[in-house]
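Beneath this line is the structure, given in C-alpha cells, with notes to follow.
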Amino acid sequence: MEPTPVTNHAEVPAELLSRVQQSVESVIRGKREAVQFALVTVIARGHLLIEDVPGVGKTTLAHSLARSFNCTFQRVQFTSDMLPSDVIGISVFNQQTQQFEFRPGPVFANIVLADEINRTTPKTQSALLEAMNESQVTVDNRTYPLPRPFMVAATQNPTEHHGTYPLPESQLDRFLMRLRIGYPPAENEREILRNFAVADPLAAVEPVMSAEEVIEMQEAAQRVAVDDALVSYLLALVAKTRQHEYLTLGVSPRGSMMLFRAAQALALVEGRNYTIPDDFKRLVLPVFAHRCTVSSRYASISRKTDQAEAILQEIIESTPIPL
C-alpha cells in the first residue's frame, strides 16, 4: 500500500487541530494521547466517555476541550434525583397564549458536558440516547433538531464506587471512545502544583476554532482515504470479537463504523489524507473495549483489571497487518 502525498486539504486542518491540542495540553499535562483521542472524537462526529477515579482531570479535560472551540457549551451535573426533562427540556403551558411552549434543556448546545453520568438513574441516562444517535430530541411527539456540531462529553467514576449506576450496553455503544486519564507523571504533577494550585487552570484556555470550522474539519475527515486492505483488517478485528470464546458480546456494526471514522479523524489530526494500519491499531482499545462484554468464564481465570482490553490486545496481536 503506497501512501499518497499529503495535500493542502490535510495540511491546513492539521495546523489548526495542533493548536487545539496544544491549548488543551496546557491544562492537561503529560497526557498527550488522551488529549489527541479526545480531539479525534470531536472530528469523527462522535461522543466521548471519560472514565477514571475522582480527581485526575476528567471534567477538566472535557471542559478545556469545549473552551478550545468557540461553540455553545452546557454542563449538566448528573445526580440520582434528576429527571429526563432536566436534560432535554419540557413543554410548559403558557397562560397568556393558551398554548404549550417547549423550553429547551441543557442538551441544546454544541458541546454538552454530562458530568458523572453514571450517578443518575437509567431512565435519565436514556434521555440522551436519541440525542447522541440522531442529533435530535422528541418531546410530546414533536422533534427538535440539536445544533451542529453536537457532542456529548461524559465523565463517570468506575462502577465499583458506591452510588453509581452502570451504563447499559445501548448507551455505551453510542460513545465513540472511552478514555482513561490516569495519574500524571511526577514531573507533570509538579508543574500542575506550581501553575494551578492557586490559579484557575481553565482561565488560560482560549478558543481556537469556531463551530463552522469544526464542521469543516469533520467534513475533511470524511474525505480521508481508507484502503480496501485496511477495511478488511478492520472487519477481521471485528469478526474475532464476535467469535471469541470469552466474549459474550462482540463489536456491533455501529462500532465498526466508529473505528472507521476515528481512524480517518486520527489521520487528519496527524496531517495525512490517508489512513495507515497503526491508526486502527491505536484506536481498537478505546473504541472497542467498552462495547465488549466478557464471559464469566474468563473472569474466573484472569486477574487483569480490564479484561476486555486484555482480550482485544490478544486479538490485535493475532490479526495480520496489511502490508
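The values are calculated or read from the model by the stated rules, or taken from the named source; none is laboratory data. Nothing here was measured: the structure is a model prediction, and the numbers come from that model. Note that we place each Cβ from the backbone using ideal geometry, even for glycine, and neighbour counts take in every protein chain shown.
For this structure, a couple of remarks:
- Qualifying residue in the stretch 67-85 (condition: of a type in the set (D, E, K, R), at negative phi and in contact (Cβ under 8 Å) with a residue 40 or more places away in the chain): yes
- As for the stretch 120-127, it holds no residue that is out of contact with any Gly (no Cβ under 8 Å at 6 or more places or on another chain), at pLDDT 90 or above and within 25 Å of ARG180 (Cα to Cα).
- Residue in the stretch 218-229 that is over 21 Å from LEU39 (Cβ atoms) and part of a helix (DSSP H, G or I) present: yes
- Pairs where the first residue, in the stretch 283-308, is closer than 17 Å to LEU179 by Cα and the second is among the aromatic types (Phe, Trp, Tyr) and modelled with pLDDT under 80, C-beta under 8 Å, 6+ apart: GLN307/TYR298
- Test: residue in the stretch 181-198 that is in contact with a helix residue (DSSP H, G or I) (Cβ under 6 Å, 6 or more places away or on another chain) and of a type outside the set (Ser, Thr, Tyr): yes
- Residues in the stretch 237-253 that are touching a helix residue (DSSP H, G or I) at 6+ places or on another chain (Cβ under 9 Å) and surrounded by 13 or more Cβ atoms within 10 Å (Cβ to Cβ): LEU237, VAL238, LYS240, THR241, HIS244, TYR246, LEU247, THR248, LEU249, GLY250, VAL251, SER252.
- ALA154 falls short of the stated requirement of being closer than 24 Å to VAL27 by Cα, surrounded by fewer than 14 Cβ atoms within 10 Å (Cβ to Cβ) and modelled with pLDDT of 80 or more.
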